[in-house]
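Right, one structure below, let's go through it.
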Ligand SMILES: [Zn+2]
Ligand SMILES: [Zn+2]
């Protein structure tokens, strides 16, 4: 006997359908549940996780304060490009290029600090394993001696925790601290450069 496409009405009203159809419906239901259990986006604490590698460690982590990042991002874009293109209109092409490179690098490292996983890992000890230390809040394995701290705002354990930075939307930890440092360096360089350009511009007037 061939397996026919089962109908929902059949399932609800007709209790006398054959065993084969019954199994077919069961398998279909199980597949639907499995598909529903595989979301692309995963929420861990107050964090949104994307792009898992083979160790199930997320590469991209968006924090709870993402709105601050958008405000900071727009602020950098507006002040940088207004100064670069309006004020620099009176300066040489080289100073425009340097200003543009510094701004692009500042924005690039800002975006990377916002996106890269700061040190979230999801490994939990097995149920019968009582010896492995675990975080009392998130239940993940607690590694001793590497500065793993549970952040209250992110509600997640961060390996190599440095601080919670609302301007990057989340914590600064082992994974994104170098990008954050580069962002700070280029922010400072960009500001210093703009100050020099503005003072030169004012001298000319
Ligand atoms: Zn934790
Ligand atoms: Zn945090």
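Structure notes:
- Relative contact order of the stretch 107-170: 31 percent, from C-alpha pairs under 8 Å at least 6 residues apart in sequence.
- Considering only alpha-carbon pairs that sit under 8 angstrom and 6 or more positions apart, the relative contact order computed for the stretch 55-205 is 31 percent.
Since every read-out is calculated from the coordinates, none of them should be taken as a lab result. Remember, it's a predicted structure, so these values are computed and weren't measured experimentally.
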